[in-house]
Amino acid sequence: MEEKDLSHPRIGVFICHCGINIGAYVNVPDLVEYAKQLPNVVHAERNLFTCSEEGISAIKRGTKEYNLNRVLVASCTPRTHEPLFRAACEEVGLNKYLFEFVNIRDQCSWVHMREPQKATEKAKDLIRMGVAKARLLQPLEEIEMEVDPSALVIGGGIVGMEAALNLANQGFNIHLVEKEPELGGTLRSINKLFPINQEAVKLIKPLVEQIKSHPKIKTHLSSRVSQVTGFIGNFNINLDGKGKAEQFTVGTIIVAVGAEPLKPTGQYGYGKMNNVLTQLELEERMKKGKSLGQNVIMINCVGARVPERTYCSRICCMTAIKNAFLIKESNPKAKVWILHRDLMTYGVDFETYYRKAMELGVRFIRYSLERPPEIIGDEKVENIKVYHELWRKEIELPCDMLVLTTPLIPAEDNQNISKMLKVSLDEFGFLLEAHLKLRPVEFAMDGIYICGSARWPTDVTEGVSQAYAAAAKAAGPLRMGYVKAEAINAVVNEDECSGCGICELLCSFQAIELQPRDNKRVSHINEAVCKGCGTCGAACPSGAISMHHFTDEQIIAQVEALFS
Amino acid sequence: MDNFEPRIVAFCCNWCSYAGADLAGTSRIQYSPNIRVIRVMCSGRVNPLFVLKALSIGADGVLILGCHPGDCHYLEGNYKTLRRIPLLKKMLKQLGIEEERVRLEWISASEGAKFAEVANNFTQTIKNLGPSSLGPFK
Ligand SMILES: Cc1cc2nc3c(=O)[nH]c(=O)nc-3n(C[C@H](O)[C@H](O)[C@H](O)COP(=O)(O)OP(=O)(O)OC[C@H]3O[C@@H](n4cnc5c(N)ncnc54)[C@H](O)[C@@H]3O)c2cc1C
Ligand code: SF4
Ligand code: SF4
Ligand code: SF4
Ligand code: FES
């Protein structure tokens, strides 16, 4: 492609209506007229949806027709749409760093809906500032960074194990880190699995064996990750094992730390009366074949869908139904009641399972949050009083064993992991993916992925599907062998550097080193290591450091344009 | 000065506070329209000279918004910003500018409401202070 002449800025401005999202609050035609008279703007137009097929063609057409060498889009946020518009520029031979983004939706129309005039004025300011920066944009080349062909999987439950095996079988070296002395996670305690009543141990045992003997998997038991630095391609991992620390590098990371069942201390006599257990404790008992008594009562949603924990834990209804089913199956004379608030038995298999449980004689009684069941008894629970919502009266049931169905809650380490990996948590403390629908197993941080109950409670089927998805995503960069780093980095003008060393001290990435040159020492920045934060550039007393794509001149031009 | 509308520059880091501003948008939180955002990669990029420049040519206030301590995408850029602020305020004092005209705040990607709150609160602070005495037209 022929080289563009960049010396005389020819700026094209594309202003988006975003349907009514912008157009209804900001006077877009007015903005177009305004943009047209800004210096160096040779073309301005408006698009109904700039990100649509049509809008993208408009950018490409405009660039060719007006021989643009800088493109500015005023629309939404660069955090979601910059890659798209940059790609459009590149398709017509314009380096992607010659593109500038102005946000008039998230920063104008959506937040000043009641003040359209002021929103329009503000949009004009922002466009004027953007044009001022665009005028000074320079093309940049991205460097390719090598990717270490290995991955870290945090958490050795079924989901982490499946992800690790999947990646290892594709030929990548895997570090699998588990905080407990054994692999298997929650499934180690579980008896049989809904909806197929398969023994959990039969599922995990072969997996554990495959992992232990796999030449590509190194398992670190009784270990936790203590520090992570670096970026996609080269994460440096520090492990804290029992008494010994370890260090290694990986290209990508999968988080599969699962979740923990809530211990309902203080509720319905739990912790005080000896015949009150959680579903997990019941599973352990059933696994050992211990007796359960004739009258078993289960209370669902204990600690779930309550004001202090509003979410539904998804797996618990099915867990209760499964255990009730299994009790009736092995002892048809037993009486089993499930006291529930709603029943979540979504999908084909679960609903069928629920019906079978009813046919086996499991009884379901609905209670309400306002009138929860009451326990009767001193040492142990003897009876349960419950207000039957449908019969509209209180009934009393005999009870040999009371089983509390509690939700899965975020793993205790999530806070730590969120800080260490710079990934988000949702309002409940579960780890949060980048986008629920478009990037379901990825974090917003490049190269880090999530699967299983670490995100929100999943059953095994869902968790394992997510493990495969995360493994496929994590394998992408490993297979490519390189990633492109943004060309936003710092460069030194050695002639102006006084060798003071301030920048070297400030860089958190050790990208800067003073090196001898002629008779003095000058700053040298390793561009493969520099992450482009700009901290050094902001501090250099000699103004010798320039930050690509966010130069002093560009930022000051924006400031000046605002007040011009 | 009843109808004084302050002109405010907000330097936002790309990873947390800019994302917080986006969230204020997607959540349709309405806030005062006096803020003009300049995106930088990290709050550590904000050279005090940018702030002085803005104040000297017409800004009535400047916000520097970054990730919470410990959350900076570049590990410690925000700590370095934090350490620069007292120096910057000292310079302001020497120039005879109220130090309240510059404010550093931490806003995470999930704090859209906080972004709006800071924008409103800061606008009010500047309204109370009145126009900056340093601007060219004042
Ligand atoms: C009582 C009960 C019954 C259930 N019954 C069924 C059923 O019948 N059928 C079904 O499909 N599902 C069932 N489930 C759900 C099932 O347990 C989950 O789907 C499954 O455990 C999810 O696997 P996971 O690997 O994501 O999480 P987990 O099993 O929780 O494993 C996470 C692993 O990560 C480790 N870990 C945590 N933090 C760290 C850290 N910081 N560093 C290193 N390692 C860490 C943990 O020690 C653990 O080994 C049941 C759950 C419960 C509680
Ligand atoms: S480019 Fe952004 S603002 Fe325009 S239509 Fe697409 S989403 Fe909306
Ligand atoms: S801070 Fe500036 S002058 Fe000092 S060593 Fe670094 S580049 Fe050179
Ligand atoms: S821009 Fe940031 S990462 Fe790059 S050299 Fe400067 S301080 Fe280090
Ligand atoms: S990236 Fe937000 S303050 Fe550094």
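The values are calculated or read from the model by the stated rules, or taken from the named source; none is laboratory data. All of these numbers come straight from a predicted model, not from anything done at the bench. Glycine also receives a Cβ, built like all others from the backbone with ideal geometry; neighbour counts cover every protein chain displayed. Heavy atoms of the whole protein, side chains included, go into the accessibility calculation; ligands, DNA and RNA do not. Shrake-Rupley method; radii C 1.70, N 1.55, O 1.52, S 1.80 Å.
Rolled with a 1.4 Å probe across the full set of protein chains, the surface gives A:V255 an accessible area near 0 Å². Using only Cα atoms, tell me the angle between helix A:460-480 and the longest principal axis of chain A; keep it within 0 to 90° and round to the nearest 10. The answer is roughly 30 degrees. Taking Lys and Arg as +1 and Asp and Glu as -1, the other residues whose beta-carbon sits under 12 Å from that of A:N383 total -4. The length gained on full extension between A:Y482 and A:D342, counted as 0.36 nm times the residue separation minus their Cα-Cα distance, comes to 45.4 nm. Rounded, prolate or oblate for the protein assembly as shown? Axes are the square roots of the Cα gyration tensor eigenvalues, ordered a ≥ b ≥ c, and the cut-off for rounded is a/c under 1.5. Prolate shape, in that a/c is at least 1.5 and a/b is the bigger ratio. In Å², rounded to the nearest 100, what is the total accessible surface buried by chains B and A against each other with a 1.4 Å probe? Heavy-atom accessible area buried at this interface is about 4300 Å². Here the calculated FRET efficiency for A:E281 and A:K216, from their Cβ-Cβ distance with R0 = 35 Å, stands at 0.40, rounded to the nearest 0.05.
For A:K218, B:K93, the ranking by accessible surface with the largest value first comes to B:K93, A:K218, using a 1.4 Å probe. With the simple spin-label model, which puts each label point 7 Å out from Cα in the Cβ direction, the A:L360 to A:Y468 separation comes to 2.8 nm. In chain A, the longest principal axis of the Cα atoms and the axis of helix A:158-169 are about 50 degrees apart. Between A:Q37 and A:E53, the simple spin-label model (points 7 angstrom out along Cα→Cβ) gives 3.8 nm. Residues of segment B:38-52 losing 50 Å² or more of accessible area relative to the isolated chain, 1.4 Å probe, heavy atoms only? Residues shielded by partner chains are B:I38, B:R39, B:M41, B:R45, B:F50. For segment B:8-129, the solvent-accessible area works out to 34 Å² per residue, with a probe of 1.4 Å and every protein chain left in place. Here's the picture: a label point sits 7 Å out from the Cα of A:W391 along the beta-carbon direction, and within segment A:297-318 the residues with their amide nitrogen under 18 Å of it are A:297-299. Label-to-label distance for A:S291 and A:E246 is 4.7 nm, based on points extended 7 Å past Cα in the beta-carbon direction. In chain A, the DSSP-assigned H stretches of four residues or longer account for a calculated mean residue ellipticity at 222 nm of -9500 deg cm²/dmol, using -39500 (n - 2.57) per stretch and the full residue count as denominator.
The dipole here belongs to the protein assembly as shown: it is taken about the Cα centre, uses +1 on the Cβ of Lys and Arg and -1 on the Cβ of Asp and Glu, and is about 1060 debye.
When both bridge partners sit in segment A:234-336, DSSP labels roughly 80% of those beta bridges antiparallel.
Rounded, prolate or oblate for segment B:8-129? Axes are the square roots of the Cα gyration tensor eigenvalues, ordered a ≥ b ≥ c, and the cut-off for rounded is a/c under 1.5. It is oblate, given that a/c is not under 1.5 and a/b is not larger than b/c.
From the square roots a ≥ b ≥ c of the eigenvalues of the alpha-carbon gyration tensor of segment B:66-138, which class results: rounded (a/c under 1.5), prolate (a/b over b/c), or oblate? Oblate, since a/c reaches 1.5 and b/c is not below a/b. Relative contact order of chain A: 13 percent, from C-alpha pairs under 8 Å at least 6 residues apart in sequence.
Here the contact order of segment A:147-269, divided by its residue count and restricted to Cα pairs under 8 Å and six or more residues apart, works out to 32 percent. Accessible surface for A:M358 stands near 70 Å², nearest 10, in the context of the full protein assembly shown (1.4 Å probe).
Here A:E91 and B:T26 are evaluated by their C-beta separation; at R0 = 35 Å the FRET efficiency comes out at 0.75.
Per-residue accessible area (protein heavy atoms, 1.4 Å probe) orders A:W391, A:W456, A:W110 as A:W391, A:W456, A:W110, starting from the largest. The magnitude of the dipole of segment A:420-505, with charges of +1 and -1 set on the Cβ of Lys/Arg and Asp/Glu and taken from the Cα centre, is near 520 debye. Projecting the Cα atoms of A:S189, A:P39, A:S424 onto the charge dipole of chain A (Cβ charges, centred on the Cα centre) puts A:S189 farthest toward the positive pole. Overall, the accessible surface of segment A:519-564 at a probe of 1.4 angstrom is composed of carbon and sulfur to the extent of 49 percent.
The fraction of accessible area contributed by carbon and sulfur in chain B is 55 percent, rounded to a whole number (1.4 Å probe; ligands and nucleic acids excluded).
Using alpha carbons only, how many degrees (0 to 90, rounded to 10) separate the axis of helix A:316-330 from the longest principal axis of chain A? Tilt relative to chain A: about 30 degrees. Within the assembled protein chains, the solvent-accessible surface assigned to A:K179 is about 80 Å², based on a 1.4 Å probe. Proximity of backbone amide H atoms, modeled 1.01 Å from N, is registered between A:C301 and A:T405 at under 5 Å, excluding neighbours fewer than 5 places apart on the same chain.
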